[in-house]
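Since the structure comes first, as structure tokens, the remarks are kept for the end.
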Amino acid sequence: MNIGLISNPVLVTTLMLAVSNLFMTFAWYGHLKNFASSPWYVAALISWGIALFEYLLQVPANRIGYTELNLGQLKILQEIITLSVFVPFAVLYMGQPLKLDYLYAGLCLMGAVYFIFRS
């Protein structure tokens, strides 16, 4: 294993935020499928439990990333990861149709990446 990859703060941040985002997506939206017939407070408690794991990864990921990236870059990175995780989740797990709107949103994010990272 190449230790250089592990010591790359941007790569470590990206990977940690991707896993964090999986937890976040399930915490925010998974209850709509899995606990639809449960009272909202049951779904909320379960979602909070899942979100704990999100925060256990997200907070250190942002701290690591902030050593190389500025705040705006961290935010745009998070938004790209969010869309990259959300689209497969929506289509594969929640059974939603794949729409061109996801592509258009991704193109808008590419513009955001350009402007926030162009320095």
Within the range 29-37, is even one residue closer than 23 Å to Leu11 by Cα, surrounded by 14 or more Cβ atoms within 10 Å (Cβ to Cβ) and of a type outside the set (A, V, I, L, M, F, W, C)? no
Please indicate, with yes or no, whether at least one residue in the range 34-49 is among the hydrophobic types (A, V, I, L, M, F, W, C), under 16 Å from Gln78 (Cβ atoms) and touching a helix residue (DSSP H, G or I) at 6+ places or on another chain (Cβ under 9 Å). no
The correct count of residues that are assigned to a helix (DSSP H, G or I) and among the hydroxyl-bearing types (Ser, Thr, Tyr) in the range 23-51 is 4
Can you report the number of residues in the range 64-74 which are surrounded by 14 or more Cβ atoms within 10 Å (Cβ to Cβ) and part of a helix (DSSP H, G or I)? 4
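Tell me yes or no: at least one residue of the range 12-22 is of a type in the set (A, V, I, L, M, F, W, C), modelled with pLDDT under 95 and surrounded by 15 or more Cβ atoms within 10 Å (Cβ to Cβ).
If we filter the range 12-22 for residues that are of a type in the set (A, V, I, L, M, F, W, C), which is where we start, we get 12, 15-19, 22.
Still in the list and also modelled with pLDDT under 95: none.
No, the range 12-22 contains no residue that is of a type in the set (A, V, I, L, M, F, W, C), modelled with pLDDT under 95 and surrounded by 15 or more Cβ atoms within 10 Å (Cβ to Cβ).
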Checked the range 57-81 for anything of a type in the set (D, E, K, R), more than 16 Å from Gly111 (Cα to Cα) and in contact (Cβ under 8 Å) with a residue 12 or more places away in the chain; matches are Glu68
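On the given criteria, is Ser84 small (Gly, Ala, Ser), part of a helix (DSSP H, G or I), in contact (Cβ under 8 Å) with a residue 12 or more places away in the chain and out of contact with any His (no Cβ under 8 Å at 6 or more places or on another chain)? Quick ask: steps written out before the conclusion?
Numbers: small (Gly, Ala, Ser): yes; part of a helix (DSSP H, G or I): yes; in contact (Cβ under 8 Å) with a residue 12 or more places away in the chain: yes; out of contact with any His (no Cβ under 8 Å at 6 or more places or on another chain): yes.
The answer is yes for Ser84.
Look at Glu54 and say whether it is assigned to a helix (DSSP H, G or I), in contact (Cβ under 8 Å) with a residue 12 or more places away in the chain and of a type in the set (Asp, Glu). Working first, answer last.
Values: assigned to a helix (DSSP H, G or I): yes; in contact (Cβ under 8 Å) with a residue 12 or more places away in the chain: yes; of a type in the set (Asp, Glu): yes.
Considered against the rule, which asks whether it is assigned to a helix (DSSP H, G or I), in contact (Cβ under 8 Å) with a residue 12 or more places away in the chain and of a type in the set (Asp, Glu), Glu54 comes out as yes.
Quick test for you: out of Ala43, Ala61, pick the one residue that is of a type in the set (Gly, Ala, Ser), farther than 30 Å from Ser119 by Cβ and buried (at least 17 other Cβ atoms within 10 Å of the Cβ). Spell out how you get there, then give the answer.
Working: Ala61 fails: farther than 30 Å from Ser119 by Cβ.
Ala43 is the lone residue from the list that is of a type in the set (Gly, Ala, Ser), farther than 30 Å from Ser119 by Cβ and buried (at least 17 other Cβ atoms within 10 Å of the Cβ).
Table: residues versus (1) of a type in the set (Phe, Trp, Tyr); (2) in contact with a strand residue (DSSP E or B) (Cβ under 6 Å, 6 or more places away or on another chain); (3) at pLDDT below 95.
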position	(1), (2), (3)
Asn2	no, no, yes
Val59	no, no, no
Tyr66	yes, no, no
Phe89	yes, no, no
Gly95	no, no, no
Ala105	no, no, yes
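The values are calculated or read from the model by the stated rules, or taken from the named source; none is laboratory data. Quantities reported herein were computed from a predicted structural model and do not represent experimental measurements. Because the Cβ atoms are built from the backbone with ideal geometry, glycine has one as well, and the counts that use them run over all protein chains shown.
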